[in-house]
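Colleague: One structure is given below, represented as C-alpha cells, and several questions about it will come after.
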Amino acid sequence: MKKTISTILGLAALSLVTLTTSCSSDDNNNSGPKSDFVVVRDNLQGEINSGEVVLESGTYKLTGKLVVKNTAKLTIKPGVIIEATTVAADQLQAVRYIAVAQGGQIDVQGTASNPVIMTAETKKPAAWGGLVLCGKAPINKGVSASAEVSELTYGGTDANDNSGSIKYLRIEYPGFSYSSDKEFNGLSLFGVGKGTVIDYVQVFESSDDGFEWFGGTVNASHLVVSNKDATAVGDDLFDWTEGWNGTGDNFYGIRTNAGNRGIEADNNANNHLATPISFPTINNLTLIGAGVTDTSAESQAFKLRVGTKGKFNNVVLKGWKTGFDVQHDESIGYAGTDLLATNVKFEDVTLKSKSTTTASVVNNDFVKVYTESATATGAGNGSGVPTWTAGWTKGL
C-alpha cells in the first residue's frame, strides 16, 4: 500500500525526512509502491524520487520547491489546501512552487464542492510560483529544452505522454518573478502530452499569465482566470507558444485591470515557421477586458503573432480596445483558413480587428479573421459567469 500522510503526522518535529516507506502502518507485506519522501504538514518541500505520496486532508505549508521526479506520483485528495509560505525579498532562490518533471505524475482529485486549493500566506499576486508540468510531447524549440521557471527538461516525441490528472483545482496568488523575462504563471504546461487530464482549473490573482502552454498536445477544459487586484494578471489570461497543438473547451477569462491581453498566441519568436506550428482549437470562449476606457495599445482580446495558427468557435468578447490584433506576415497569411474565429459576439469592443504587417496589404477592418453571431454564448452564459463555475471558483 502507498504511504499516506495521515499515518506519519507523529513526525511533526522533523522538518524534512528522507525515508523509505513501503506500506501503511497496518500492512507489513512491503508489497506496495515505495516512496523516499515523507511530508510534514508544516514543511512540504524537496523531491519525490519514487513511489506515491498522498496528501490526505487539511492544510500543508509549502516551504520551498516541491518536485515530482520521474516514476514518482503526487496525489492530492479533495479539499486539501497547500499554502506557500512567505519568501523574503533577499531569498529569491527560495521561491515556493510545485513542479512535475518528465515521467512524474500529479493526481489532483478535487470536486465541485470540495476543490483542491493551492494558495499563499501572503494574499497578493506573485506570492509564490504556481504549478509547473513538464512532459515529453513535441515542441518546436528543439527536440527538448529547459523550462524557464524550473530548469526541468521538457519536450520529446510522445504526443500521448501522461503527466497525470488535474480536476477541480484553484491556484491563488501565483506569478512569482525572478526577473522581467523569468516569471512563473498560474499553471505552466511545458511539452505536456494529451494523455494528461486538465479539467476545472481556476487561476486567481496571478501577476503573470493565468495559463501558458509551451508546445505540447495536452487538451484542457473548464478553465477560469480572474482577478480583483489592479496588479493581478499582469500579462495574459491565456498564452501559448512553441507549437501547442491541443484543444480547449469552455475557457472563461475576466480582468479588471487595464493594459494587457485576453490571449497572446505565438508560434516561435526566433523562427516563425518552426514546426510543429502552434495550432490549437478552442470552443466556447469568453474573454472580458477592463472596459472601453482602457485605451492601452495592449487592450486586445486576441494578440495573434509570430506565426501561430488557431481555430476558435462560439466566442464572446467584451470590454476590449481591439478584438483581434493579427501580427506578422505568417499569421496574416493564415487568416480566414488556419487562423479563424467563427460565431463571435462583440460587446463594447472599440475596434473589432486590425492587422500589423510589413506585407503590402494592411486592412484595419480585417474581417476575414472572424465571422459574427449575435447568439454566441461563449463559455456558457455569454459575458456572464458560467454556471459550471459554481461552488469551486473564487472572486467571480
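The values are calculated or read from the model by the stated rules, or taken from the named source; none is laboratory data. This is a predicted model, so every value here is computed, not measured. Using ideal geometry, Cβ is built from the backbone for each residue, glycine included, and neighbour counts are taken over all protein chains shown. Please note that ligands, DNA and RNA were not included when accessible areas were found on the heavy atoms of the full protein model with its side chains. Shrake-Rupley method; radii C 1.70, N 1.55, O 1.52, S 1.80 Å.
Colleague: Give the residue that is most open to solvent (accessible area, probe 1.4 Å), with candidates limited to residues of the stretch 53-110 that are in contact with a Pro (Cβ under 8 Å, 6 or more places away or on another chain) and assigned to a loop (DSSP other than H, G, I, E, B).
Modeller: 78
Colleague: Considering only the stretch 210-222, how many residues are more than 20 Å from residue 268 (Cβ to Cβ), open to solvent by 10 Å² or more (accessible area, probe 1.4 Å) and in a loop (DSSP other than H, G, I, E, B)? Quick ask: steps written out before the conclusion?
Modeller: Of all residues in the stretch 210-222, those more than 20 Å from residue 268 (Cβ to Cβ) come to 210, 219-222.
Pick out the ones that are also open to solvent by 10 Å² or more (accessible area, probe 1.4 Å) and you get 219, 221-222.
Within this subset, residues satisfying the condition of being in a loop (DSSP other than H, G, I, E, B) are 219.
Residues that pass the stated criteria total 1.
Colleague: Filter the stretch 151-175 down to the residues that are modelled with pLDDT under 95 and in contact with a Ser or Thr (Cβ under 8 Å, 6 or more places away or on another chain), then identify the one that is farthest from residue 47 (Cα to Cα). Reasoning before the result, please.
Modeller: Here is the first cut: in the stretch 151-175, the residues modelled with pLDDT under 95 are 151, 173-175.
In the following step, the residues that additionally are in contact with a Ser or Thr (Cβ under 8 Å, 6 or more places away or on another chain) were identified as 173-175.
Details: 173: 23, 174: 21, 175: 22 Å.
Ranking the candidates gives 173 first.
A quick yes/no check of all residues on (1) at pLDDT below 95; (2) surrounded by fewer than 22 Cβ atoms within 10 Å (Cβ to Cβ); (3) of a type in the set (Ser, Thr, Tyr); (4) over 21 Å from residue 380 (Cα atoms):
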residue	(1), (2), (3), (4)
249	no, yes, no, no
259	yes, yes, no, yes
265	no, no, no, yes
270	yes, yes, no, yes
277	no, yes, no, yes
283	no, yes, no, no
289	yes, no, no, no
295	yes, yes, yes, yes
301	no, no, no, no
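Colleague: Next question, about the same structure. Examine the stretch 28-35 for a residue that is buried (at least 18 other Cβ atoms within 10 Å of the Cβ) and either at pLDDT 95 or above or aliphatic (A, V, I, L, M) (or both), and state whether such a residue exists. First the steps, then the outcome.
Modeller: We begin by selecting, within the stretch 28-35, every residue buried (at least 18 other Cβ atoms within 10 Å of the Cβ); these are 35.
Checking which are either at pLDDT 95 or above or aliphatic (A, V, I, L, M) (or both) leaves us with none.
No: zero hits.
Colleague: Only one of these is more than 25 Å from residue 215 (Cα to Cα) and touching a Lys or Arg at 6+ places or on another chain (Cβ under 8 Å): 348, 266. Name it. Step through it out loud before you land on a result.
Modeller: Values: 266 fails: more than 25 Å from residue 215 (Cα to Cα).
Sole residue among the options that is more than 25 Å from residue 215 (Cα to Cα) and touching a Lys or Arg at 6+ places or on another chain (Cβ under 8 Å): 348.
Colleague: Residue 324: outside any loop (DSSP other than H, G, I, E, B), touching a helix residue (DSSP H, G or I) at 6+ places or on another chain (Cβ under 9 Å) and surrounded by 23 or more Cβ atoms within 10 Å (Cβ to Cβ), yes or no?
Modeller: Details: outside any loop (DSSP other than H, G, I, E, B): yes; touching a helix residue (DSSP H, G or I) at 6+ places or on another chain (Cβ under 9 Å): yes; surrounded by 23 or more Cβ atoms within 10 Å (Cβ to Cβ): yes.
Considered against the rule, which asks whether it is outside any loop (DSSP other than H, G, I, E, B), touching a helix residue (DSSP H, G or I) at 6+ places or on another chain (Cβ under 9 Å) and surrounded by 23 or more Cβ atoms within 10 Å (Cβ to Cβ), residue 324 comes out as yes.
Colleague: Moving on to the next point. Please count how many residues of the stretch 145-174 are buried (at least 17 other Cβ atoms within 10 Å of the Cβ) and closer than 18 Å to residue 95 by Cα.
Modeller: 8
Colleague: Okay, next question. Mind listing just one residue for me: the one in the stretch 327-359 that is under 29 Å from residue 380 (Cβ atoms) and not in a strand (DSSP E or B) and, of those, modelled with the lowest pLDDT? Show your work before the answer.
Modeller: Looking only at the stretch 327-359, we keep the residues that are under 29 Å from residue 380 (Cβ atoms), and these are 331, 334-354.
Then drop every residue that is not not in a strand (DSSP E or B), which leaves 331, 334, 336-338.
Working: 331: 79, 334: 87, 336: 85, 337: 90, 338: 94.
Among those that are under 29 Å from residue 380 (Cβ atoms) and not in a strand (DSSP E or B), it is 331.
Colleague: Right, next: Please determine, by comparing only the residues of the stretch 117-129 that are under 15 Å from the mean Cα position of the chain (by Cα) and at pLDDT 95 or above, which one is surrounded by the most Cβ atoms within 10 Å (Cβ to Cβ).
Modeller: 118
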